[in-house]
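Taking it in order: structure first as structure tokens, then the write-up.
The values are calculated or read from the model by the stated rules, or taken from the named source; none is laboratory data. It should be emphasised that the depicted structure is a prediction, and the values quoted were computed from it without experimental measurement. FYI the Cβ positions are ideal-geometry reconstructions off the backbone, even for glycines, and counts take in every protein chain you see.
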């Protein structure tokens, strides 16, 4: 069996990792530190932890991952330690590279949702939403989406934000040793997933939000289910506050850990809770409103220290804001169509297929060939639980995207890790990774 | 239309700048000074099989196009920069000095398209293994599928007990 | 197995003396199946469902499996949860090689089982090209119920399996062999079952 492994390539890739100090010159080291920390060499030199003589190697490089229980999937980090202190750190990614952007070029716009939904598997509906919005913009129908579809999209997107942040609560607790928190987080997330299953048929990877609207109307009794969620979750969030927020051990472990400054976060392009934890009130839902976010009331939660505790608190309170938004959506959910009545993108209703040959042909053509999208290119960005998720589609006028690129928030956010870890303790490394909340499916795509 | 002497076009209501490769860094620098402090996205497109796309006058279509999305937090605006990169000389200056965050994205473009970024501090592959042949997102790179086999004489597996 | 079934049904009530006799194979199989510890090998979406299976609602500890071991040395079952990329395949094999015999593999989800919808250059088209698989769980991702079914199927397999003949002398499993998938070149059919 060993020869099989060797035919599937090595898997270590030393070129992409950190090199021991003894093997490189001071100048190369400076360049490497600069590249990893994304600083000019002059700035990197000012940090002052670059030894004059690299041969005096008192440090150790350890490898964390790709199969590490707390790296949230297959993230690999190379850490250079001096004693317990992390000097250098480099994330090495690609262990979950799925070729989704290539696959996306071979799927029609109709099928594309199945592909993008598997990128950020903790907030699949946001992925579908951004892909659908980009397609609609290319088609020029972004203003014609029925009201009910828009509000449904908002409802699902917000509930997805809740389930994603609840999962963060669970994994963050687990990574820090608060195992009961893990059980609680999953319990609440299951409630939300049960609603998703009722609406979309699946717990994850729904492919429910599609170009032109959504796949189906809300099922009967959906309002009671949502009300049940809105009733049951807030008291449990208060429980979390008791269990964690005010608890001295929790605070000690998170406060001041993994600090990133405002300037660093902006320069690195970090978005979402990471950027907000540094005090920048940037939330695309408010600042570049899409759907009907300009019509609902909510607060943008902002931190001030840029540490792991701020990121935890932001996410916890964003669940509360999402609940607030969902309440308003419940009040305003209109009746009407759940998808656009446009022959070009909408298949005929099931009942029509039985009676009309044209409808059958139309249905068949849409599902086999897809619909053609005019030439052009767009970039659409929305706020996913992890930050700005953007979709860049270049179309050549055919039924498949010519190029489909997703700007994944985790991919960018994870590049902040070297900054957050520098000078910290190796024992805090797990807390820092956890507070970034990366989804590796989205990092590697 | 033009901005900083660079052709400006409109794509579905979004502003797109089309600098040449020589003007690229200068234009992005001007945008950075004009509050576009965040490089939201940097990617590329391989237009091998679609050469006749619409571009503003004076811009020659080349095989590759590097696409940079910039974001102004202060003005809540976005702008896109599209640069033509010829196949024969697939290099373009790196934005590392202006936007440090573009480092990983440029590595991804290098990995997926084989476009080299000059003055990039660490131009290695990021997603694929280092010894991988070819650049997967190029249009002349096969998707690499395994044919699904449903033949009756499919060799039987040895029973594992 | 009948003895164990009797005990399961009636407890020790039907047995006059506190001694039971059984085939060693049965007893070992029974013991093994009821405390098989999984190695946490979460890769993608399926890992989330695997964790959900471990959480309160589905409660995998009912099957003696709640201890997800971080170290492959302590694990009996590897649940390959998610798509395996070309870059990850050697790592997966290394983790598998570090596990102690007897060991079993569940391929969770279509991506791990067959590549799923990602029939492309980056994904290994079926984890059985890298490690021998005992049970395949379908679904994208499989629901926790599906995973529990796969686990129960595997438990049955462990119980019924012959103790000493499980692996061939090579230590290899499904006896599959595949050559490298050339992504850039023309598609090459995979030849299974030959070495």
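Being facing chain A (nearest Cβ under 8 Å), surrounded by fewer than 24 Cβ atoms within 10 Å (Cβ to Cβ) and without any contact (Cβ under 8 Å) to a residue 60 or more places away in the chain narrows it down to one residue among B:133, B:122; which is it? None of the others qualify; the one that does is B:122. Among the residues here, residue B:71 does not qualify as within 13 Å of another protein chain (Cβ to nearest Cβ), under 16 Å from residue B:101 (Cα atoms) and under 16 Å from the mean Cα position of the chain (by Cα).
If you check A:404, A:420 for being crowded, with 24+ Cβ neighbours inside 10 Å and not in a helix (DSSP H, G or I), only one passes: A:404.
Evaluated against (1) over 30 Å from residue B:77 (Cβ atoms); (2) out of contact with any strand residue (DSSP E or B) (no Cβ under 7 Å at 6 or more places or on another chain), residue A:383 falls short on exactly one condition, (1). Within segment B:25-50, being at the interface with chain A (Cβ under 10 Å from one of its Cβ atoms), assigned to a loop (DSSP other than H, G, I, E, B) and within 19 Å of the chain's Cα centre (by Cα) holds for B:47, B:49, B:50. Selection over segment C:24-35 of residues that are within 22 Å of residue C:96 (Cα to Cα) and either within 14 Å of chain A (Cβ to nearest Cβ) or in contact with a helix residue (DSSP H, G or I) (Cβ under 7 Å, 6 or more places away or on another chain) (or both) gives a count of 3.
Sort out which residues of segment A:105-121 are buried (at least 24 other Cβ atoms within 10 Å of the Cβ) and either modelled with pLDDT of 90 or more or under 20 Å from residue A:370 (Cβ atoms) (or both), and write them in order of number. Passing the criteria: A:109, A:112, A:113, A:115, A:116, A:117, A:118. Within segment C:70-95, being surrounded by fewer than 24 Cβ atoms within 10 Å (Cβ to Cβ), in a loop (DSSP other than H, G, I, E, B) and either at the interface with another protein chain (Cβ under 7 Å from one of its Cβ atoms) or in contact (Cβ under 8 Å) with a residue 60 or more places away in the chain (or both) holds for one residue alone: C:70. Of all the criteria given as (1) in a loop (DSSP other than H, G, I, E, B); (2) more than 14 Å from chain B (Cβ to nearest Cβ); (3) touching a residue at least 40 places away in the same chain (Cβ under 8 Å), the one not satisfied by residue A:303 is (3).
For residue A:163, the conditions (1) crowded, with 24+ Cβ neighbours inside 10 Å; (2) away from chain C (no Cβ under 14 Å); (3) in a helix (DSSP H, G or I) are fulfilled apart from (2). More than 30 Å from residue A:78 (Cα to Cα), within 14 Å of chain B (Cβ to nearest Cβ) and in contact with a strand residue (DSSP E or B) (Cβ under 7 Å, 6 or more places away or on another chain): is that true of residue A:408 in this structure? The answer is no for residue A:408. Here segment A:129-160 is the region considered, the condition is being more than 14 Å from chain C (Cβ to nearest Cβ) and under 15 Å from the mean Cα position of the chain (by Cα), and the residue that is farthest from residue A:308 (Cα to Cα) is A:131.
Only residues that are crowded, with 21+ Cβ neighbours inside 10 Å and within 14 Å of chain B (Cβ to nearest Cβ): list them for segment C:96-106, please.
Within segment C:96-106, C:103, C:104, C:105 meet the criteria.
Across segment A:5-59, the qualifying residues are those that are out of contact with any helix residue (DSSP H, G or I) (no Cβ under 7 Å at 6 or more places or on another chain) and within 14 Å of chain C (Cβ to nearest Cβ), and the one among them that is modelled with the lowest pLDDT is A:6.
Screening residue B:106 against (1) over 20 Å from residue B:61 (Cα atoms); (2) more than 8 Å from chain A (Cβ to nearest Cβ); (3) surrounded by fewer than 22 Cβ atoms within 10 Å (Cβ to Cβ) leaves a single unmet condition, (3). Residues considered: A:412, A:373. Of these, the only one that is closer than 26 Å to residue C:87 by Cα and crowded, with 24+ Cβ neighbours inside 10 Å is A:412. From A:191, A:224, which residue is over 27 Å from residue C:53 (Cβ atoms) and out of contact with any strand residue (DSSP E or B) (no Cβ under 9 Å at 6 or more places or on another chain)? Sole residue among the options that is over 27 Å from residue C:53 (Cβ atoms) and out of contact with any strand residue (DSSP E or B) (no Cβ under 9 Å at 6 or more places or on another chain): A:224. Selection of segment B:136-153 for residues being modelled with pLDDT under 80 and buried (at least 21 other Cβ atoms within 10 Å of the Cβ) yields only B:144.
If the condition is being over 13 Å from the mean Cα position of the chain (by Cα) and within 9 Å of another protein chain (Cβ to nearest Cβ), then segment B:78-103 contributes B:78, B:96, B:97, B:99, B:100, B:101. Of all the criteria given as (1) without any contact (Cβ under 8 Å) to a residue 24 or more places away in the chain; (2) within 22 Å of residue B:74 (Cβ to Cβ), the one not satisfied by residue B:51 is (2). Quick one: is residue A:373 closer than 27 Å to residue A:277 by Cβ and either at pLDDT 90 or above or part of a loop (DSSP other than H, G, I, E, B) (or both)? No, not satisfied. Which residues, taken from segment C:133-166, are at pLDDT 85 or above, within 11 Å of another protein chain (Cβ to nearest Cβ) and either assigned to a strand (DSSP E or B) or over 21 Å from residue A:204 (Cβ atoms) (or both)? C:133, C:134, C:157 - these are the residues of segment C:133-166 that are at pLDDT 85 or above, within 11 Å of another protein chain (Cβ to nearest Cβ) and either assigned to a strand (DSSP E or B) or over 21 Å from residue A:204 (Cβ atoms) (or both). For segment C:110-121, the set of residues classified as within 14 Å of chain B (Cβ to nearest Cβ), at pLDDT 85 or above and in contact with a strand residue (DSSP E or B) (Cβ under 6 Å, 6 or more places away or on another chain) consists of C:113 only. Scanning segment A:77-111 for residues that are within 18 Å of the chain's Cα centre (by Cα) and assigned to a helix (DSSP H, G or I) yields A:100, A:101.
Residue-wise test of (1) at pLDDT below 90; (2) out of contact with any helix residue (DSSP H, G or I) (no Cβ under 8 Å at 6 or more places or on another chain).
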| site | (1), (2) |
| --- | --- |
| A:133 | no, yes |
| A:140 | yes, yes |
| A:147 | no, yes |
| A:152 | no, yes |
| A:155 | no, no |
| A:159 | no, no |
| A:164 | no, yes |
| A:176 | yes, no |
| A:179 | yes, no |
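Yes or no: residue A:387 more than 14 Å from chain B (Cβ to nearest Cβ) and buried (at least 19 other Cβ atoms within 10 Å of the Cβ)?
No; evaluated as a whole, the condition is false for this residue.
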